[in-house]
Amino acid sequence: MSALVLKPCAAVSIRGSSCRARQVAPRAPLAASTVRVALATLEAPARRLGNVACAAAAPAAEAPLSHVQQALAELAKPKDDPTRKHVCVQVAPAVRVAIAETLGLAPGATTPKQLAEGLRRLGFDEVFDTLFGADLTIMEEGSELLHRLTEHLEAHPHSDEPLPMFTSCCPGWIAMLEKSYPDLIPYVSSCKSPQMMLAAMVKSYLAEKKGIAPKDMVMVSIMPCTRKQSEADRDWFCVDADPTLRQLDHVITTVELGNIFKERGINLAELPEGEWDNPMGVGSGAGVLFGTTGGVMEAALRTAYELFTGTPLPRLSLSEVRGMDGIKETNITMVPAPGSKFEELLKHRAAARAEAAAHGTPGPLAWDGGAGFTSEDGRGGITLRVAVANGLGNAKKLITKMQAGEAKYDFVEIMACPAGCVGGGGQPRSTDKAITQKRQAALYNLDEKSTLRRSHENPSIRELYDTYLGEPLGHKAHELLHTHYVAGGVEEKDEKK
């Protein structure tokens, strides 16, 4: 299998015409005749969602079905029902450590594969791991960071691809960006979030591989975040420009899934370990880290460092960006691989920096041309300055310092929820003040136990690029895996529509 090769000087447009906003017609509610589950809310344990007979006799609901109810209605159809669609599900990293809490157990007390088995018993046709989407995100985001760095070292940065670069996988951060900091939009990675990348692959790559029309598929996500449905509902996240055919149909939170398991009498702790379905069931330890603050940064550096230097990052566990501090920062020195384009660029870095200083891209954040050149010929490499903002309050503080020129970085991670996704609004509530630290520790443990700990070493990711996508940041990857943002924000749809 061929190795993935970054081409830093390729003429790549990160934001293309495929990202034009489209007018979207409202989606019609699911026909009442197909509803075979109780329409009670998940908070009403007296009525079992699995009681199909009672549900069939119940009167039709006047209000549109929620996304949870629509997903369960599709699963309730018999497998041989010609109207039943092929229902796929994916599970986010933070869900696997918190779902045990819905059973009254400690974070991480049930295994990810027990969760996969539980989902299969709910009737899902294929069970995928969002870790695959996280690894795919790292391939694109790490490549985008190095692409932007290359453009700046060559002293001809594009006005829509400036540095520093911010991460893009948190919908809470993106919402604040669009409404409060629209002038920073060009600085944000154009990569979709892991859930949206995996969903796009399911309704393109997987659909072609299995010979299933996307219209005959339903994609469901199990997420720790209450904003993930509004992310999925963005108008342009559709298939083949058809606004009624969504890449991702329904999002269920950790708490909602725990309630469904209880209603169905499924005790995860007693289940045997199942398996994730391939080709999107393989993920790395780096992907696991997406579930906590600092994790996206750490995962990205594991790949970006190796793409730049040609050697693995010496220390995989970066304590400097771990933990619960509000703002975390560190420097990573990267010496380019001998004979690489980066080595050539760094040899001429003095002229590039002078040019960047004199004619740098105007904007709210000024990039200073890079730091850490330790010798005149550039052999000392470059120091990548990174920062992590834990929560939106700390993000505002960090951005203010950057705008004032008091802090200079090359790469910044922002997560809206304190502690990151493990502290998301869709996670179980707890009176334990240390619960997010315990969930974070459980994720670190999963990373440590992983056979694969770098996203670019995932064989399924390599196969995807070899057989379908081409190269990171290539045309097809851009069309399917990248997005755009809207100054002022987008109108969020009613959750039930």
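With a 10 Å radius around each residue's Cβ, average the other Cβ atoms per peptide and rank 252-265, 438-451, highest first. It would help to have the intermediate numbers written out before the result.
Numbers: 252-265: 20.8, 438-451: 18.5.
Going by the mean number of other Cβ atoms within 10 Å, highest first, we get 252-265, 438-451.
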What number comes out for the charge environment of P272, summing +1 per Lys or Arg and -1 per Asp or Glu over other residues with Cβ under 12 Å away?
-1
Cα extents of region 68-481 along the principal axes, largest first, in whole Å, come to 69, 47, 40
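Output the antiparallel fraction of DSSP beta bridges having both residues in region 68-481, as a percent to the nearest 5. Mind showing how you got there, number by number?
On the way: 11 of 33 bridges.
For region 68-481, the DSSP antiparallel bridge percentage is about 35.
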So how far, in whole Å, is the C-alpha centre of region 270-344 from the one of region 209-238?
26 Å
Amide H neighbours of F166 under 5 Å, counting only residues 5+ apart in sequence or on other chains, H built in-plane at 1.01 Å?
V188, S189, V412
For H86, distant residues with modelled amide H under 5 Å away:
M217, V218
Phi-derived 3J(HN,Hα) across region 271-278 with the Karplus relation (6.51, -1.76, 1.60, θ = phi - 60°), rounded Hz, x for Gly and Pro, is 7, x, 7, x, 10, 7, 8, 8
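Could you sort the peptides 103-112, 193-202 by per-residue average Cβ neighbour count (10 Å cutoff), highest mean leading? Don't skip to the end; give the middle numbers.
Working: 103-112: 18.0, 193-202: 26.5.
Top to bottom by mean Cβ count within 10 Å: 193-202, 103-112.
Please give the per residue accessible area of region 68-481, computed with a probe of 1.4 Å over protein heavy atoms only, in Å².
Details: 13970 Å² over 414 residues.
Counting only protein heavy atoms, the per-residue value for region 68-481 is 34 Å².
Mind ordering 162-169, 288-295 by average Cβ neighbours within 10 Å, highest first?
Most protected by this proxy first, the peptides run 288-295, 162-169.
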Simple label model, 7 Å out from Cα along Cβ direction - N445 to T244, nm
4.9 nm
From phi via Karplus (6.51, -1.76, 1.60), per-residue ³J(HN,Hα) for region 236-253 in Hz, x at Gly/Pro:
7, 8, 10, 9, 6, 6, 8, x, 8, 10, 7, 5, 10, 8, 9, 10, 10, 7
Show the residues, 5+ positions off or on another chain, whose built amide H is closer than 5 Å to the amide H of S221.
Q90, H250, V251, I252
For E208 and E273, extending 7 Å from Cα along the Cα-Cβ vector and measuring point to point gives, in nm, a value of 3.4 nm
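Restricting to Cα atoms and excluding each atom paired with itself, what does the Kirkwood estimate give for region 389-459 in Å?
Details: mean 1/r = 0.0682 Å⁻¹.
Across region 389-459, the inverse of the average 1/r is 14.7 Å.
The values are calculated or read from the model by the stated rules, or taken from the named source; none is laboratory data. Quantities reported herein were computed from a predicted structural model and do not represent experimental measurements. Reconstructed Cβ throughout: ideal geometry from the backbone, glycine too, with neighbour counts over all protein chains shown. These accessible areas exclude ligands, DNA and RNA; they are computed on the full protein's heavy atoms, side chains included. Shrake-Rupley method; radii C 1.70, N 1.55, O 1.52, S 1.80 Å.
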